[in-house]
Amino acid sequence: MMGPAHSLSGAAAWLGAGAVAAGLGHPMPWPVLVVGALVCAGAALAPDLDHKAATISRAFGPFSRGLCEVVDKLSSAVYQATRKPGDKRRTGGHRTLTHTWLWAVLIGGGTSLLATTGGRWAVLAVLFVHLVLAVEGLLWRAARVSSDVLVWLLGATSAWILAGLLDEPGGGAGWLFTGPGQEYLWLGLPVVLGALVHDIGDALTVSGCPVLWPIPVGNKRWYPVGPPRGMRFRAGSWVELKVLMPAFMLLGGVGAAAALNFI
Ligand SMILES: [Zn+2]
């Protein structure tokens, strides 16, 4: 899928998670619902850091372009090193290492670790990066015509305001994990969820997604998971724009209403 559909699916997934959490007796305070949806929308773009034309690789100027090159090289090297006889030969690392469950878990765990141990500035940094991505993803056409600097300013100010809301008593810094020193431990959850939702979205497209790596399937370690051929669609096709994106909006709306106990 393309950036906007990925980020919309990420936001919808977190709102759905909010409904589930409310059902399990851990309702999210509204700042957690809002921040989580935005972080998840941003995180749902992150796996494409292995592709230089992707939103994330363009979002932070030379910094993200450089990081993209490193990630592409690393992904390609890991692919070659762990390839089994059934995996096809390929050049470049797109849709390999960063499109796996293991990557999702590592990135999410790293985010939680950073957020719980790094203090306020670490939380602000995590929010800033993901809010910039969420703005780029969710407001794609609008963000494209404005300048990068403007989007960064929007990301920074919203990160500041939202972190302030979370830090208020009952605001949600200590949601779900209530032990001492566990504030913001939950921040890794929307990051994991966003990456997994991205992988599922890519699995629906023609080339599939090797989300199970490094678990081998037959003689392949990079088995392209996906539905039967006839049910797949091309990235950016009408199915994505006219069916999936409205469906994500609807599901997200229902999830948010359930999460906040309106339904
Ligand atoms: Zn992708």
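Here are some notes:
- Pairing each residue of region 79-95 that is closer than 16 Å to residue 215 by Cα with any residue that is more than 16 Å from the ligand (Cβ to nearest atom) and among the charged types (D, E, K, R), provided the two are 6+ apart or on different chains, yields C-beta distances under 7 Å for 82/221; 83/221; 84/220; 84/221; 86/220; 87/220; 87/221.
Conditions (1) under 15 Å from residue 44 (Cβ atoms); (2) in contact (Cβ under 8 Å) with a residue 24 or more places away in the chain, marked per residue:
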| residue | (1), (2) |
| --- | --- |
| 99 | yes, yes |
| 107 | yes, yes |
| 121 | no, no |
| 150 | no, no |
| 156 | no, yes |
| 182 | no, yes |
| 190 | yes, yes |
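- Residues that are outside any loop (DSSP other than H, G, I, E, B), within 16 Å of the ligand (Cβ to nearest atom), touching a residue at least 60 places away in the same chain (Cβ under 8 Å) and farther than 19 Å from residue 103 by Cα, drawn from region 199-244: 205, 240, 244
- Residue match in region 25-45 (condition: without any contact (Cβ under 8 Å) to a residue 24 or more places away in the chain, more than 16 Å from the ligand (Cβ to nearest atom) and more than 19 Å from residue 131 (Cα to Cα)): yes
- Where helices (runs of 4 or more DSSP H) sit wholly within region 100-174, those with at least 2 residues that are surrounded by fewer than 21 Cβ atoms within 10 Å (Cβ to Cβ) and modelled with pLDDT of 90 or more occupy 101-117, 119-138, 148-167.
- Only residues that are farther than 29 Å from residue 69 by Cβ and touching a Leu at 6+ places or on another chain (Cβ under 6 Å) were counted in region 15-52, giving 5.
The values are calculated or read from the model by the stated rules, or taken from the named source; none is laboratory data. Fair warning: this is a prediction, and the values are worked out from it, not measured in the lab. A quick note on method: Cβ atoms are made from the backbone with ideal geometry, for glycine too, and the neighbour counts reach across all protein chains shown.
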